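One structure is given here, and the rest of the page talks about it.
The values are calculated or read from the model by the stated rules, or taken from the named source; none is laboratory data. Small disclaimer: the values here were computed from a predicted structure and weren't measured. With ideal geometry, Cβ positions are generated from the backbone for all residues, glycine too; neighbour counts draw on all protein chains shown. Side chains are part of the model used for accessible areas, which takes the heavy atoms of the whole protein and leaves out ligands, DNA and RNA. Shrake-Rupley method; radii C 1.70, N 1.55, O 1.52, S 1.80 Å.
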Amino acid sequence: MAFQKNSTRLKDLGVIGLALSGGGSRAIAFHLGCLRALHQLGLLQQVAVISTISGGSVIGAAYKAHHGSFEEFDRDIQHLLRSGLIKAMAKEFLGLLGLKILSAWLITGAVAVALTGIRILVTVVSWLVPIRLGFLNKLREIRSPVLRSASRTSLLESALNVLIFRGVRLQELSASAPDLVVNATELRTGSAFRFARRESGSWRLGRLANNNVPLAHAVAASAAYPLFLPAFEEIHTFEKQGKHSKERINLTDGGVYDNLGLTNFWPGRSADVSLNVTKVDTIICCSAGYGLRQDPPSQFILARMASAFNVTFDRAQNASIARLYELKEAGKLANIILPYLGQRDQQLIDPPADLVPREKAHIYPTNFNAMPQEWIDRLSRRGEQLTLLLAAQNLQAVPLEA
């Protein structure tokens with residue numbers, strides 16, 4: 001594909017933050033089109049920070065780590081989408097990593113069953129005989145001291161490392177713009193866990209004392225959708241307010257906390273408290289989130305819980321989008337654009353005649369399976385068209401501070 005720069009460059013937009021949402025391979029394909037449009041406009045080179053979630057982390061980190069031309073990057077991402085990550089994960093499972101995963105599953109499973117049995121026994125005894133001995137009561141609160149050393153999420157990390165990142169670590173990324181912030185969720189504290197070259201960690205726990213983290217590990221943590229991929233269980237040393245402490249953490253999909261990657265861009269965030277926050281003037285938020293979802297009838301608990309999770313997840317994204325527009329109206333952001341996969345086409349002003357309609361794009365599932373070229377073209381084309389259209393309509397130059 002030949003790329004041509006747009007003849008009207010959009011300049012002086014202040015500090016630009018680019019957020020790439022979650023959404024598996026669907027997000028990767030849609031965001032590819034968004035990046036393609038920003039490249040044509042000359043805006044991609046002006047982005048100060050890319051904040052990423054899940055599938056957005058895959059393509060965002062791939063862009064940051066790429067050293068060739070944008071055309072080469074575009075071809076590499078399309079090849080990744082056609083191949084998918086599942087095949088590479090299956091190949092990794094057939095090696096030593098697969099044996100490690102099985103061993104970890106057996107050990108952690110056995111310990112979990114034993115501890116569950118102890119807790120049930122103590123609970124039943126307490127119903128019959130009042131237990132006043134402190135150590136027996138503490139048995140009900142005991143949790144496994146054994147970390148899950150490998151899991152299916154380790155397969156994802158290994159596949160990402162082989163196919164894209166090839167051993168690159170956060171601190172080896174270029175210091176030149178754009179900065180990359182890969183967002184995950186720390187389950188024990190319910191806080192955002194942000195990986196970046198400069199610092200990584202959570203406001204609750206502090207900064208990692210050793211930030212020599214593989215980029216593939218950060219991206220896998222960000223993309224570990226909790227219904228299918230276990231959280232990473234790790235022990236790290238953190239530094240907070242001059243003190244060091246060792247903490248056991250559980251890292252899962254960044255979309256659990258914020259599926260749009262916007263929280264580190266909100267005005268008023270203090271770098272003294274939050275990590276990897278950036279004051280921006282313009283936010284470009286590319287969202288490959290939910291479309292017109294309609295789940296099958298939920299007769300059983302797992303189906304009901306999955307639907308309930310999806311509803312909560314969708315509402316949280318809507319709240320973030322509403323806040324984005326409120327901040328713009330309040331004058332705290334100079335510019336925003338939201339290229340959104342599920343955009344209502346009838347609300348667009350002067351859309352192109354060949355616009356890919358949302359009805360033909362939004363229904364692709366959020367997985368990492370191999371994607372047909374037809375869908376790659378469809379999703380990326382819609383992302384490109386919406387970004388070009390919305391940029392022309394909504395981005396206005398703002399005066400830069402001296």
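Points worth noting:
- Restricting attention to the stretch 368-393, the residues being more than 29 Å from Tyr225 (Cα to Cα) and either open to solvent by less than 30 Å² (accessible area, probe 1.4 Å) or touching a Pro at 6+ places or on another chain (Cβ under 9 Å) (or both) number 4.
- Filter pass, Trp105 being over 30 Å from Arg152 (Cα atoms) and either surrounded by 12 or more Cβ atoms within 10 Å (Cβ to Cβ) or modelled with pLDDT under 80 (or both): no
- Every residue from the stretch 344-393 that is polar (S, T, N, Q) and out of contact with any strand residue (DSSP E or B) (no Cβ under 9 Å at 6 or more places or on another chain): Gln346, Gln347, Thr366, Asn367, Asn369, Gln373, Ser380, Gln385
- Residue under evaluation Ala112, criteria (1) in a helix (DSSP H, G or I); (2) loosely packed, with under 12 Cβ neighbours inside 10 Å; (3) not aromatic (Phe, Trp, Tyr), criterion not met: (2)
- With a requirement of 1 or more residues that are within 30 Å of Arg26 (Cβ to Cβ) and open to solvent by less than 40 Å² (accessible area, probe 1.4 Å), the helices (runs of 4 or more DSSP H) lying completely within the stretch 124-243 that satisfy it span 152-160, 215-222.
- Filter result for the condition that a residue is touching a residue at least 24 places away in the same chain (Cβ under 8 Å) and closer than 18 Å to Leu18 by Cβ, over Leu348, Leu388: Leu388
- Scan of the stretch 356-367 for residues that are more than 21 Å from the chain's Cα centre (by Cα), part of a loop (DSSP other than H, G, I, E, B) and loosely packed, with under 15 Cβ neighbours inside 10 Å, ordered by number: Pro357
- Among the residues making up the stretch 84-102, those that are open to solvent by 50 Å² or more (accessible area, probe 1.4 Å) and over 23 Å from Glu234 (Cβ atoms) are Ile86, Lys87, Ala90, Lys91, Leu94.
Yes/no matrix, rows are residues, columns are (1) at pLDDT 90 or above; (2) more than 18 Å from the chain's Cα centre (by Cα); (3) closer than 26 Å to Ser298 by Cβ; (4) in a helix (DSSP H, G or I):
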| residue | (1), (2), (3), (4) |
| --- | --- |
| Thr312 | no, no, yes, yes |
| Leu333 | yes, yes, no, no |
| Ile349 | yes, yes, no, no |
| Pro352 | yes, yes, no, no |
| Asn369 | yes, no, yes, no |
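- Test: Glu92 is free of Cβ contacts under 8 Å to residues at least 40 places away in the same chain, in a helix (DSSP H, G or I) and of a type in the set (D, E, K, R): no
- Flag for Ala271 being assigned to a loop (DSSP other than H, G, I, E, B) and open to solvent by less than 10 Å² (accessible area, probe 1.4 Å): no
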